[in-house]
Every structure is written in C-alpha cells, then in structure tokens.
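Working notes for the structure below.
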Amino acid sequence: MRAYCFILFFLAVHISGKAAQILVLTDEKDEYFLNNSFIKVLEDPNNKWTIKDISTPEIQKQFKTLETQYPENEHPGSAYWVKFTVRNDAKKNQWLFESFNFKISILELYIPDSAGNMVLYKSGADYNFNERNLNHKNFEFVIRNFPKGNQTCYVKFVSREESRVRLLFRSFERFTYYALTEYFILGIFYGMLLIIGLYNLFLYTRIKDIAYFYYAAYVFFAAMFSMVQDGTGFQYLWPESPGWNYHSLFFSSTFMVIFMLLYTKSFLETRLTLPTLNKTINIIIGLRLLVFLIEYFFIPEFINILWVDIIPFLLVYITAIISYRNKNKSALYFVLGFSILFLAFTINTLRIFKMIPSNILTVYILNIGVIIEIFILSLALAERVKKSRENELITEKLNKELEQKVRERTEALVIQKNIIEEKVKTLDTFIYKASHDIKGPLKSLIGLTSLGMKDSNENAPIYFEHALKTAKKLDAIVRDLLNISKINNAPLKPVEIDFNNSLIEILDSLKKLPGYEQMHFSIKIKGEEKFYSEKSLVYSILQNFIENAIKYRDRSKPDSKLKIEIGLEKNYVEIKFIDNGTGIKEEYQGKIFDMFFTVDNQSEDSTGLGLYIVKLAIEKLGGKVKVESKENEGSTFLITLRNNYVKNGI
C-alpha cells in the first residue's frame, strides 16, 4: 500500500511539474533573482484574467514550471503571470522589487499585506515616466513593511515584442550603489559622445567638409540608439511620450545606419573610387528609410526585423576592406573600428532575439563597441584634419608661388607694354623725322629742277652740282634707313672676332677720308679670351666711332689723337674710344644717340642716324654704350658687348 502511494505521489509530481522553491530574503545577501527555481508561469492569451481569477483553484493548476532560466513571452500581446513564494527573514522590512527589462508594456506586482489583501504595484513602458515609483530607467517597486511568513506573490507582464524578463529583489543599499555606478558610467559614455559629436560639428563649420557633419550626425544617433537600449532616452528625452518610446529604437537605428553609410561614402570617396559600391550604398540607404516608414505608419511588427541592420554594417565593413586594398590607408581605421562595432552589434542583436543570455557584458556590449569604434574613427578624422592642413599649406604655398608668378608676369607685361609704347613712339618719331629729312632734299631737287628749266644753259653746272649733293644726301639717308632695318631684322650668327685684324682693315679703308693724315691712332688689346659675336655689326660699330673721330676732330689742334682700348673678359668685352676732338656740349650728351639728331658743327652730309644706328647695333648684341665728353677737350665712348660664347655654347 505504501509503495502504491509513493508511485502515485511520484507520478503526480512529474505530471504537475517540479515544486517551486521558496525565496528566502535574509540579511546575508543584497539581491535575489527570481529564476526557474522559484517561479511558475501561466499564459493568458486573451489578457482578461484578474488577480481574483488567478487565485481560483482551477487556474492555479495551470501554472507551469519554466523550461528556461527566466520567463519569456513567446507570444507578444499575451499576458503572462508569474507565481512565486517569498519569505522575509531579514531584519529590514523594506525591499526593492526590480525588472531589468524596461521595455515591458505593462508590469504589475501583487504582494499581500499583513491582512492578506493583495497590494498592486503598477508600472510599464505604456505609462509616462513620471508615474513611476522611482525615477530610474528600470522598473522599481518599493516594498515597505514586508509581511513575515511565506507570501505567495504574482507578477503580470505584457509586452509588444518577444522579450526575456529578469525579476529580482534588492536591498536599498545594493540598489543605491548599483544605480550610482551605472549612471556614472553612462554619464561618462554619453559625455564622450556629446563632446565628439559637437567637436566634429565645429570642424564642419570651419572646414566645410560634409564628412564631419555626417560623422557628427552618426555619433548623435548612435548615442540616441544607446539611450533607447539602456532606457535613459525615455527617462531624459521623451518622458511623457510612451508611444514614441516604442518607435524610438527603430528610428534611432535607422538614422544611425543612414548617416553611417553617408559618412562612409564621403570619407572613403566611394563615388570616385568605388562607383559600384557607392550605388549599392545609395540603394541600402533608400531601402532602410522605406522600412522605417513602413514600420512607423503601417506595420509596427517591422521593429522585430532589427537584424536587417547587419547588412549595412557588413556593407560598410566590406567597402572599407576593398578601399584599403586599393591603397587608401585611411580605410584601415574603418576596418578596425567597424570590426569592433560589427561584433558588438551582432552580439547585441543575438541578445535581443534571445539567442545568447543577457548579462552585464551583453547588455552593454553595444555601448562598449560604439565608444571604441567612435574613438578609432575619430583618429581617422584626426588624420583627415592633418592631411587637410597639409593640403592647405601646400595650397597656400602654391597660391603664393602663383601670386609671385602673376606679379612677375604682370611686371613683365608692364615692361613689354612700355617697350611696345617706346617702340611705337620711336616708330612715330622715325616716320616723322624720316619723312621730314627726306622731304627737304626732295624739295631742293624739285626747286633746282624748276630753276634749271627756266634759267639759261650757262648756269646748268651750278644746278647739277647742287642736285648731286642733294641726291647724295638722300642716298645716305636711304642707306642708313636700310641699315636700321637690317639691324632690326637680321638674325645673329656669332663667330669669333679678331679685333686686331678688324681694326687694321677699317683703318686701311678710311685712309682716303679727309683728315685721316692728321690723325694719330693707338690700339691696345688686353686679355686672351676668345670673343664671339655678329661680325658685321661689330665691324660697323668700330668703323662708325673711328670715322666720327676723324670727321669731328679739332682742326685747331696741331695733332688729333684716337686711342682704342679693348679689354677681353670671359663674358664680355669693353671697348673705349678716347679722342681729343671738339667734344660734345653737356646739353647734347643725352641726345646724340637719338634718331636724326644733329648739332651745328656737324658736316652738311650728316644724316643724324649714325650714332642711332651704332646704339641700335650695340643693343642688338646685348650691350650698352656710355659717353663722357667735355667741349673742346675730347670725348670718351665706352662700349660693353656680351660674349655670345657663354650664352649660345659655341
């Protein structure tokens, strides 16, 4: 008989489930978790039972032992009742009853008082935050005057999404320490995110690089996503909007992902370097925004497909790897940062869908991943600032060089303009003076011809003599004008100049010139450097100065002298003509090289172009000429010519 009773008892235990243990509260521990050892659970699919219904024997029989460690709502919308027995053996009679899951829509706690009446404590995400018993992100119920003895208690919870509910009793001391520590750490975390976000917004206003704006927006929405995850968003940002609190998780994750993708595009410059991935990112941005709009306005259950955000995270990760393989060193920061964030996001998603257990690490893994990833990406932006500054310095240097070149070109253009204006002025003067000097002899010829035709034949020789002089002067003017044109247009063909032979040849050609016999010439050549230049022009210069010395000698002096001194240097030659002729008045010394300039004591056949032609030839050869003279004492002409051996590499 006894054996039969034992078998019946054994079968009854296994049929009804293992009996729940009594949770004993003592002074030795500060917190007690209600796991499957202490509780039984009952599902109310229609959410219609009250505490009275639950207390009836029929419904009491339906409570079942948990197969999981903590109660879970497998069917969102159903009400779940948790039954447990607790006995307070501690000296303190005040405890906190807490739920870690702050996303439960409705949470009700029923604890009997000393008279045996059920006292209701109510909270939940469907109520305004300021209606809570304590201002804490978790649901907290203050149990005062906890009755002695075994007390059967009930918890009812309703949630719109599948979730795991962790319930526990805590002492006030344990709660105070835990809450202060948790909020302190969260304060540091969000303070860092705020500083990073504001700093990058500041950089955006200064640098005008859109990547900094996208990054700042990404940081802010990552902070918002974390605040929704840990419950501080509802506590501090929208405490009177429980409806919005339900959508805030999907909203923050949506725009966190969108700005993450925009930042990736901008920072890695995918439009230029990875056009195919750039188009893919654009498509993902559009689809992700569409999914949020569908969730918000039409299908709230879409919030349960939060795992889809693994796709854009994976896309960013792949883009960074490909960009790094394409020699973009900055992408290394992306690879490292998003490797950590991708791992943290995956762990967090697995926790949300109850694939891994919830603990302090898995609950805050996303916060840890976000702060590490943001720190690494901040290094990337710091590197970008450094490169931007380097580019600014390079640009500044190039701008300065460009400004210098512009100034030089402008100065060159001004010089060219002045030269052109001077040439135009010279050309105008040339045309005017040439026409004037030619016009005079032509009028003389016309006049002489007219007189010859009217006068008797006996005066013909006189007219012909004057006509011949006039024609010779015209011929000299035309010859000098041709020389000017030849000097201006003829190309230079430098050859080695033998000054000694050239001077001997010139002196020999001028022996028949009137006054040559009265001249005494001395030649002195110093230096052994070879000199290269245009032979015809050098010859013309030497001949002109020697011829002028003969023509404008001082006839009152017993002997006329001309000293020719030539100094050969590597890069140039200096030629001096020193005479003791009539000299040049001081007021004329700055004009003698002008076109058609003549003075009173010059011969009648002078065209006024001789020294102008000499100066033109000297300038053509890259040289210059100076004159020093005193009236009735003589003149010194100093000519410096460039050695074309140096320039042309002959």
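Return the total of residues in region 533-567 being part of a strand (DSSP E or B) and in contact with a helix residue (DSSP H, G or I) (Cβ under 8 Å, 6 or more places away or on another chain).
5
Does at least one position in region 116-124 carry a residue that is touching a residue at least 60 places away in the same chain (Cβ under 8 Å) and under 20 Å from Tyr32 (Cβ atoms)?
Within region 116-124 (the criterion being touching a residue at least 60 places away in the same chain (Cβ under 8 Å) and under 20 Å from Tyr32 (Cβ atoms)), the answer is no, since none of the residues qualifies.
For Gln229, are the conditions met, namely being closer than 15 Å to Lys137 by Cβ, touching a residue at least 24 places away in the same chain (Cβ under 8 Å) and in contact with a His (Cβ under 9 Å, 6 or more places away or on another chain)?
Details: closer than 15 Å to Lys137 by Cβ: yes; touching a residue at least 24 places away in the same chain (Cβ under 8 Å): yes; in contact with a His (Cβ under 9 Å, 6 or more places away or on another chain): no.
No.
Of all residues in region 37-61, count the ones that are surrounded by 15 or more Cβ atoms within 10 Å (Cβ to Cβ), in contact (Cβ under 8 Å) with a residue 24 or more places away in the chain and among the β-branched types (Val, Ile, Thr).
3
Would you tally the residues in region 64-106 being touching a residue at least 60 places away in the same chain (Cβ under 8 Å), of a type in the set (Val, Ile, Thr) and under 20 Å from Asp126 (Cβ atoms)?
2
What helices (runs of 4 or more DSSP H), lying completely within region 201-284, carry at least 1 residues that are under 30 Å from the mean Cα position of the chain (by Cα) and on the phi < 0 side of the Ramachandran plot?
210-230, 242-268, 270-273
Has region 201-214 got at least one residue that is crowded, with 21+ Cβ neighbours inside 10 Å, closer than 19 Å to Gly286 by Cα and free of Cβ contacts under 8 Å to residues at least 60 places away in the same chain?
yes
Looking at this structure, is Lys563 in the same structural domain as Phe521 (by TED's automatic domain parsing), modelled with pLDDT of 90 or more and under 24 Å from Ile525 (Cβ atoms)?
So Lys563 passes the test.
Give the residues of region 150-177 that are more than 19 Å from Leu42 (Cα to Cα), out of contact with any Leu (no Cβ under 7 Å at 6 or more places or on another chain) and not hydroxyl-bearing (Ser, Thr, Tyr), sorted by residue number.
Asn150, Glu173, Arg174
Name the pairs: first residue in region 501-525 and assigned by TED's automatic domain parsing to the domain that holds Arg553 and assigned to a loop (DSSP other than H, G, I, E, B), second residue acidic (Asp, Glu) and surrounded by fewer than 12 Cβ atoms within 10 Å (Cβ to Cβ), Cβ to Cβ under 9 Å, at least 6 apart or on different chains?
Lys511/Glu517
Restricting attention to region 76-86, report how many residues are in contact with an Asp or Glu (Cβ under 7 Å, 6 or more places away or on another chain) and not aliphatic (A, V, I, L, M).
Selection size over region 76-86: 4.
The values are calculated or read from the model by the stated rules, or taken from the named source; none is laboratory data. This is a predicted model, so every value here is computed, not measured. Heads up, the Cβs are rebuilt from the backbone with ideal geometry, glycines too, and the neighbour counts pull from every protein chain shown.
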